[in-house]
Amino acid sequence: MLRADIGVQLGDLDLAAAIDAGDGEVVALLGPNGAGKTTVLRVVAGLQPLDRGRVELGGRVLDDPATGTFVPPAGRPVGVVFQDHLLFPHMSALDNVAFGLRARGVGKVDARSRAARWLDRVGLADRADARPGALSGGQSQRVAVARALATEPQVLLLDEPLAAVDARTRVHMRAELRRHLTTFAGVRLLVTHDPVDALVLADRLVVIEAGRVTQHGTTSEVARRPRSRYVAQLVGLNLLHGTAVGEHDVRLSSGGHLVVADPLPAGEVAVAVRPQAVTVHRRRPEGSARNAWEARVVDLEADHDRVRVQLAGPVAAAPATGPGDPAVLVAEVTPGAVAELGLAPGAAVWATVKAVDLAVYER
């Protein structure tokens, strides 16, 4: 069990985050660039000492400034897979895998024998003599994983492990990485900015924004009930904040108003809206939608066979008044609808969403 109460000041970053992870669990750290995700890994690995807080692994204290305790990286049962893999270019794949073992005092013959077994486990026994420059991105990643696991660590840290893999092999390598992770019984912390990687590989998500944990939970919990605009964008939802003013009425912090189908909890609420549930019209529509408002097209973005239409209006008025309030609401329509409605930046439109298509929960 890893328990980390992390307090670090690095320039403008004030990181204050509590991270727990159990044996056999994959915890993904998600967040925008500069949020502090990689710093969390560096603290656990011993590459960045704490300014305040405590890191404990299996009951053993690794870092505690209050007591002067600090275990250096070489003394921690931690394996690391770096974003760029950081293989030694002058060493063979075999010697790269053996390096961690040698650094921990294992004899050369034993270290190379164990490294060879690990290369066989990751399907690279025939590339043992190859240097990193002769390996593909996927092969390099597998060598890095083997090097990290060969030391039999209690914690495996992965910092954007698929970032150096090209898009064509990413799906395959994601599946391969998942298979390798299932063979490791210890704690696994994964840093990624890719929601697909997180959803496929992780059991639980921890979202870090500006040095703070803004949401955590299982992948389904986080995807179903995003707490910030960043998370909502990751899972493809619009997120609005407001206050319940009746059993079915929400007054939005942007100044707009929505009617929802289900009874509301009291107080402040979040409203999640799928872009596909927002319809766009050139005139005020007649129909069953309980929510209709005038809006203006801000921008259009093609996304495969759909077009994402950014709308400004009473429901999504700019400027945003809170961390979860987007300046625009996104609707998703077909290219044919864009042409038929004559949608373009600046166009005046009406937008609607049915009450039953609004998911509301307590903030």
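Per-structure values
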{"item": "Cα extents of the stretch 230-362 along the three principal axes, largest first (Å)", "result": "42, 33, 24"}
{"item": "Under Karplus coefficients 6.51, -1.76 and 1.60, residue-wise ³J(HN,Hα) of the stretch 66-72 in Hz, glycine/proline x", "result": "5, 10, x, 7, 7, 8, x"}
{"item": "Positive dipole terminus of the stretch 230-362, leading residue within 271, 289, 252 (C-beta point charges)", "result": "289"}
{"item": "Using θ = phi - 60° and Karplus 6.51 cos²θ - 1.76 cosθ + 1.60, couplings along the stretch 300-308 (whole Hz; Gly, Pro as x)", "result": "10, 9, 6, 9, 6, 9, 10, 10, 8"}
{"item": "Whole-percent pair-distance distribution, where bins are 10 Å wide, for the alpha carbons of the stretch 44-134", "result": "15, 37, 27, 17, 4"}
{"item": "Under 12 Å, Cβ to Cβ, from residue 349 - net charge with Lys/Arg +1 and Asp/Glu -1", "result": "+3"}
{"item": "Among 88, 184, 99, residue whose mean-square fluctuation peaks in a GNM of the chain (springs only between Cα atoms under 10 Å)", "result": "88"}
{"item": "Mean-position separation - Cα centroids, the stretch 329-363 and the stretch 170-217, in angstrom", "result": "32"}
{"item": "Taking all pairs of distinct alpha-carbon atoms in the chain, Kirkwood radius in angstrom", "result": "22.9"}
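Throughout, read-outs are computed from the coordinates displayed, never taken from laboratory work. Keep in mind the model is a prediction, meaning the values are calculated, not measured. Methodologically, a virtual Cβ is constructed for each residue, glycine included, from the backbone with ideal geometry; neighbour enumeration extends over all protein chains shown.
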